[in-house]
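Q: Have a look at this one before I ask anything.
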Amino acid sequence: MELSTKQVNRNIFHHLLGNSLSYFGDLIYLMALNLWIAKNTEGPHLLSIISTIGSFVMFIGNPIGGLIADSFNKKNLIIVADLMCGIGTLITFIYFEKNHINLIPIIISQVILSLAFAIYSPTSRSIAPLLASDQKLRSLNSYLSVSSEVIKMIVPGLTGLLLTFSFITEKELILINTISFFVSACNNMFLISTEKKTEVNLNVGHMLKSYVDVWRELGHVKVILLPICLVNFFSGGITVLFPFLGKAVSVSHYPNLLLFQAIGAMLGGLLSSRMKQDLDWSQSRWLLIVCGAVLMFLTPQVNQYVHYASMMVFGVAISIFNVNFFTIVQKVTPNHIIGRTFGLIFAVSSGLVPFGSYIFGIIGEKVPAHAIQVAGVGMIMAILVLMIFHKYLSVSYLKEEN
């Protein structure tokens, strides 16, 4: 079945709305959780443990999620994933105590959320070619990027505003996320998909064999996965360090960092929608170097406005890179393996995130003023090393293997 222009536009609207609703609540949840933990702890170690557990579960779950995405109706899967996320955040809400960290319920919630995201992430990306034509894919990915960054701009200020009311605490913010997931699940019921049923054996042996086959077919995409994997190692670290950089500067600094990153990423998404050609690896790797370079300015000794400018540049670079990468994969991957392709990509690219979260939690305790700079240097060095040895890799991840 080929979708009409009206149906494609309807799909884009509902896909954007579903992603935006859940992402809106998710950001509020993350900010509430981070602020809650930062208030009740002296350093980033506990937050790094929670983040590490979540990242590890997603690393294990992404390949399974990708296989599930190829085995079942993708529309139904993203609805189920939204419902799982709603249940996960509801657990945190129920066991929330203002001046005490209930670690076990948080970990249980984190595991449920991570498993749900392990299903949702590859499914959401792999359903895109079934909702829109090739000509609309870059636009859809750009719209998703822009909408998510607009939400990033809104949420920090909104969160700060809501917390000024005496009757709202981090607990009520967590409830907002629970509601957003349930509303998103209802919205996704209106999607129109051209999906054809694919039968895939879910036993472990077949799963391993199917991923070997998918890995062979990736070819041109594999060249970018190692850089992404290394960059995400350091990204996992800065995620747990940002709340404490904000804490060292001012109460509003952490939300402002996220705000200016979102502004930059929104601009990056808009620029991506205007691009006539996709970037190859030799071009896009410079975007990752820019991301590492601007992290060098994120230290308490540097003026906070330099922090904001740095985060805006970071947002532009990473947004253009992500839109370009996902569009390429969606264009060149056959529909019958696209779920497993994204499951494999998310698993490989996030494989070092748990280690980055944990290690930089420790580094943040030892050298709190320079931990983010360490991550920036590491990110730059990782890409430079790969640039030196790039002749041993494929020259481009855009051209299909001959």
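Q: Within the set of pairs 6+ apart or on separate chains, which have a first residue in the stretch 319-331 that is under 13 Å from ILE228 (Cβ atoms) and modelled with pLDDT of 80 or more, a second that is open to solvent by 10 Å² or more (accessible area, probe 1.4 Å) and not basic (Lys, Arg), and C-beta atoms under 7 Å apart?
A: Note: pairs meeting the criteria are PHE321/LEU287; ASN322/SER145; ASN324/ASP278; ASN324/LEU279.
Q: Okay, next question. Within the stretch 1-47, restricting attention to residues that are in a helix (DSSP H, G or I) and of a type in the set (Ser, Thr, Tyr), which residue is modelled with the lowest pLDDT?
A: Let us first name the residues in the stretch 1-47 that are in a helix (DSSP H, G or I), namely 5-40, 45-47.
Applying the additional criterion that residues be of a type in the set (Ser, Thr, Tyr) yields 5, 20, 22-23, 29.
Details: THR5: 77, SER20: 88, SER22: 83, TYR23: 83, TYR29: 83.
The residue in question is THR5.
Q: Suppose we keep only residues that are of a type in the set (Ser, Thr, Tyr) and without any contact (Cβ under 8 Å) to a residue 60 or more places away in the chain within the stretch 93-119. Which one would you say is surrounded by the fewest Cβ atoms within 10 Å (Cβ to Cβ)?
A: TYR95
Q: From the set of residues in the stretch 325-344 that are open to solvent by less than 20 Å² (accessible area, probe 1.4 Å) and within 15 Å of the chain's Cα centre (by Cα), which is farthest from PRO63 (Cα to Cα)?
A: Restricting to residues being open to solvent by less than 20 Å² (accessible area, probe 1.4 Å) and within 15 Å of the chain's Cα centre (by Cα), the top hit is PHE325.
Q: Within the stretch 1-45, which residues are more than 26 Å from TYR358 (Cα to Cα) and hydrophobic (A, V, I, L, M, F, W, C)?
A: Selection gives MET1, LEU3, VAL8, ILE12, PHE13, LEU16, LEU17, LEU21, PHE24.
Q: Oh, and also: Tell me, which residue of the stretch 61-77 that is closer than 28 Å to PHE355 by Cα and touching a residue at least 60 places away in the same chain (Cβ under 8 Å) is most open to solvent (accessible area, probe 1.4 Å)?
A: Out of the qualifying residues, it is ILE64.
Q: In the stretch 345-369, how many are closer than 15 Å to VAL240 by Cβ, in a helix (DSSP H, G or I) and either open to solvent by 30 Å² or more (accessible area, probe 1.4 Å) or among the small types (Gly, Ala, Ser) (or both)?
A: 11
Q: Follow-up question, since we're still on this one. Looking at (1) under 17 Å from LEU298 (Cα atoms); (2) open to solvent by less than 50 Å² (accessible area, probe 1.4 Å); (3) modelled with pLDDT under 70; (4) of a type in the set (A, V, I, L, M, F, W, C), which is the only condition PHE234 fails?
A: Every condition holds for PHE234 apart from (3).
Q: Can I ask one more? Suppose the filter is modelled with pLDDT of 80 or more, open to solvent by 50 Å² or more (accessible area, probe 1.4 Å) and over 18 Å from THR239 (Cβ atoms); does PHE56 pass it? First the steps, then the outcome.
A: Numbers: modelled with pLDDT of 80 or more: yes; open to solvent by 50 Å² or more (accessible area, probe 1.4 Å): yes; over 18 Å from THR239 (Cβ atoms): no.
So PHE56 fails the test.
Q: Continuing with this model, one more query. I want to confirm something. Restricting to the stretch 137-172 and keeping residues that are among the hydroxyl-bearing types (Ser, Thr, Tyr) and under 23 Å from the mean Cα position of the chain (by Cα), which single residue is most open to solvent (accessible area, probe 1.4 Å)?
A: TYR143
Q: Okay, moving on. Does the stretch 83-142 hold any residues that are within 25 Å of MET266 (Cβ to Cβ) and in a loop (DSSP other than H, G, I, E, B), and which are they?
A: Result: ALA132, SER133.
Q: So, in the stretch 255-301, how many residues would count as being assigned to a helix (DSSP H, G or I) and free of Cβ contacts under 8 Å to residues at least 40 places away in the same chain? Lay out the reasoning, then the answer.
A: Residues of the stretch 255-301 assigned to a helix (DSSP H, G or I): 255-274, 281-295.
Remaining after also requiring free of Cβ contacts under 8 Å to residues at least 40 places away in the same chain: 274, 283, 286-287, 290.
Result for the stretch 255-301: 5.
Q: Can you find a residue in the stretch 245-253 that is among the polar types (S, T, N, Q) and within 23 Å of SER124 (Cα to Cα)?
A: Within the stretch 245-253 (the criterion being among the polar types (S, T, N, Q) and within 23 Å of SER124 (Cα to Cα)), the answer is no, since none of the residues qualifies.
Q: Here's a follow-up. Can you find a residue that is aromatic (Phe, Trp, Tyr) and assigned to a helix (DSSP H, G or I) anywhere in the stretch 309-321?
A: Yes; the residues of the stretch 309-321 include at least one that is aromatic (Phe, Trp, Tyr) and assigned to a helix (DSSP H, G or I).
The values are calculated or read from the model by the stated rules, or taken from the named source; none is laboratory data. Note that this is a predicted model, so its numbers are computed, not measured. Quick reminder, even Gly has a Cβ in these numbers, built from the backbone with ideal geometry, and neighbours come from all protein chains shown. All accessible areas refer to the heavy atoms of the entire protein, side chains included, with ligands and DNA or RNA removed. Shrake-Rupley method; radii C 1.70, N 1.55, O 1.52, S 1.80 Å.
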